[in-house]
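**Student:** Okay, handing you the structure first.
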Amino acid sequence: MKSNKALLYGISIGILGIVLFSSKAVMVKLMYSYEVNALDALVLRMLFAFPIYLAIAYAYRNKEQPIVTTRKDYLWIFVFGFVGYYLASLFDFIGLTYIKASLERIILFLYPTIVLLLNRFFLKTKITSKQLLAISITYIGIIIAFGQEVQFSGTDTYIGGAFILLSAVTYASYLVGSGWLIPKFGVVKFTAYVMLVSCMCVFVHYGIVGSFDIFHFPWQVYLLGFLIACFATVIPSFLVSESIKRISSSNFAIIAAIGPISTIILAVLFLNEKLTLLQYFGSLIVILGIVLINLKKKKKD
């Protein structure tokens, strides 16, 4: 009974984390409606998130690390913070200026297929025929969902889709490369450190090319920036980490299929976005393909 309750709790916080994460694209699109550009939106997100992660890093500064770390490990922290959160977030925010929030989440949801492909090319991990079939199904779904959007929104859809795909690739690269480093720091400290690196990269980027004029927006913009930082970044990052710890990454990967569905629902409710029946069908095919990949992983585990 106790183990069932623990499993249910792990699943529940995992679902909550996924839903909160999926709200990010919707809130970013709402920010854009106030004539905020991608870099301004990203820097506002990081301005609110930075002190929270700084406080967490400070609180855990004296926690005993599971494994002794070296200077080289901290260099890798910078690399993963730069690639996994700074670049991935930047590409994502730029892409959202061109395409719908619901399609953004569908494209981002491709990252497990990219992880498989990166493992194949760089780590020589074999891709089974079933995994290859699942990958094929997933990309057929993307073509169906994405192809029709070009007819409605024009060629800008390609630009947005390319940036979101770059976001998925950089995030997948982070997942492939960082797995060995997380046990050295522990989940909380590692997450806080890479997010602080990401924040600093955004601040430097803004210092070089930004307008230094981010304090003239309506109050709704700052509220959305705060909500994105707290409820679509900080809180879900730790909810997801705790869920994975409790129910395993394989089980979490299966319930992660809720993410695109949640974004589509939120986009309909708050952005009045509409997908055609064919796009819904393509989205379901993508979700099916990813679930098949993750089920295959679970069997291996």
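The values are calculated or read from the model by the stated rules, or taken from the named source; none is laboratory data. Nothing here was measured: the structure is a model prediction, and the numbers come from that model. When we count neighbours, we look across all protein chains shown, and the Cβ atoms used for this are built from the backbone with ideal geometry, even at glycine. Heads up: the accessible areas ignore ligands, DNA and RNA and are worked out on the full protein's heavy atoms, side chains in. Shrake-Rupley method; radii C 1.70, N 1.55, O 1.52, S 1.80 Å.
**Student:** I'd like the accessible area for L266, computed on protein heavy atoms only with a 1.4 Å probe and all protein chains in place. Round to 10 Å², please.
**Tutor:** That residue has around 40 Å² of solvent-accessible surface.
**Student:** Heavy atoms of the protein only, probe of 1.4 Å, neighbouring chains included. What is the accessible area of D73 in Å², nearest 10?
**Tutor:** The accessible area comes out at roughly 0 Å².
**Student:** Using the beta-carbon distance between F238 and I265 and R0 = 30 Å, what value does 1/(1 + (r/R0)^6) give for FRET efficiency, to the nearest 0.05?
**Tutor:** Numbers: r = 24 Å, r/R0 = 0.79.
Efficiency for this residue pair is about 0.80.
**Student:** Using a 1.4 Å probe on the protein chains only, how many percent of the accessible area of the chain belongs to carbon and sulfur?
**Tutor:** On the chain, the fraction of accessible area on carbon and sulfur atoms equals 70 percent.
**Student:** For a quick check, take a GNM of the chain with Cα springs below 10 Å and name the residue from Y34, Y171, Y193 with the largest mean-square fluctuation.
**Tutor:** In the Gaussian network model the winner is Y34.
**Student:** Which length gain, in nm to one decimal place, applies between T276 and L132 when the Cα-Cα distance is subtracted from 0.36 nm times their residue separation?
**Tutor:** Between T276 and L132, full extension yields 49.1 nm more.
**Student:** With a/c under 1.5 counting as rounded, go ahead and sort the stretch 27-175 into rounded, prolate or oblate using the C-alpha gyration tensor (a ≥ b ≥ c being the square roots of the eigenvalues; past the cut-off, prolate if a/b is larger than b/c, else oblate).
**Tutor:** Oblate shape, in that a/c is at least 1.5 and b/c is the bigger or equal ratio.
**Student:** Related question: Going down the table (K29/K189; K130/K184; K124/K184), which pairs top 27 Å between alpha carbons?
**Tutor:** K29/K189; K130/K184
**Student:** With a ≥ b ≥ c the root eigenvalues of the C-alpha gyration tensor of the stretch 230-293, is it rounded (a/c under 1.5), prolate (a/b larger than b/c) or oblate?
**Tutor:** Verdict is oblate for the stretch 230-293.
**Student:** Another question, if that's okay. When the helices in the chain are scored as -39500 (n - 2.57) per DSSP H run of 4 or longer and the sum is shared across all residues, what 222 nm value do you end up with, to the nearest 500 deg cm²/dmol? Walk me through the intermediate numbers first.
**Tutor:** Working: 15 runs with 235 residues, N = 301.
Value at 222 nm, helices only, nearest 500: -26000 deg cm²/dmol.
**Student:** Indicate the gyration tensor shape class of the stretch 61-149 (rounded, prolate or oblate), computed on the Cα atoms with a ≥ b ≥ c the square roots of the eigenvalues: a/c under 1.5 is rounded; otherwise a/b larger than b/c is prolate and the rest oblate.
**Tutor:** oblate
**Student:** So for the chain, taking the charge dipole from beta-carbon charges (+1 Lys/Arg, -1 Asp/Glu), which of Q220, G154, F93 sits furthest toward the positive end?
**Tutor:** Farthest towards the positive end: F93.
**Student:** If N is the number of residues in the stretch 168-301, what value comes out of its Cα radius of gyration divided by 2.2 N^0.38 Å? All intermediate terms of the calculation are to be shown ahead of the outcome.
**Tutor:** Working: Rg = 18.3 Å, N = 134, 2.2 N^0.38 = 14.1 Å.
Taking N as the residue count of the stretch 168-301, the ratio is 1.29.
**Student:** Now, a different point. Dimensions of the chain along principal axes (Cα, Å, largest first)?
**Tutor:** Taking max minus min along each principal axis of the Cα atoms, the chain gives 55, 53, 42 Å.
**Student:** For the chain, set up a GNM with springs between Cα atoms under 10 Å and report which of K100, K126, K24 has the largest fluctuation.
**Tutor:** Answer for the Gaussian network model of the chain: K126.
**Student:** If you don't mind, another one. Provide the per residue accessible area, probe 1.4 Å, for the stretch 126-241, rounded to a whole number of square angstrom.
**Tutor:** That works out to 45 Å² per residue.
**Student:** While we're here: Once you mark the GluC sites (Glu not before Pro) that are in a DSSP loop and have at most 12 other Cβ atoms within 10 Å, what is the longest gap between them in the chain?
**Tutor:** Result, exposed sites excluded: 65-301.
**Student:** Stretched out fully, how many nm does the piece from A6 to M200 gain, at 0.36 nm a residue minus the Cα gap?
**Tutor:** Result: 66.1 nm gained on full extension.
**Student:** To continue, here is another question. Quick one: net charge of T233's neighbours, Cβ under 10 Å, K/R +1, D/E -1?
**Tutor:** +2
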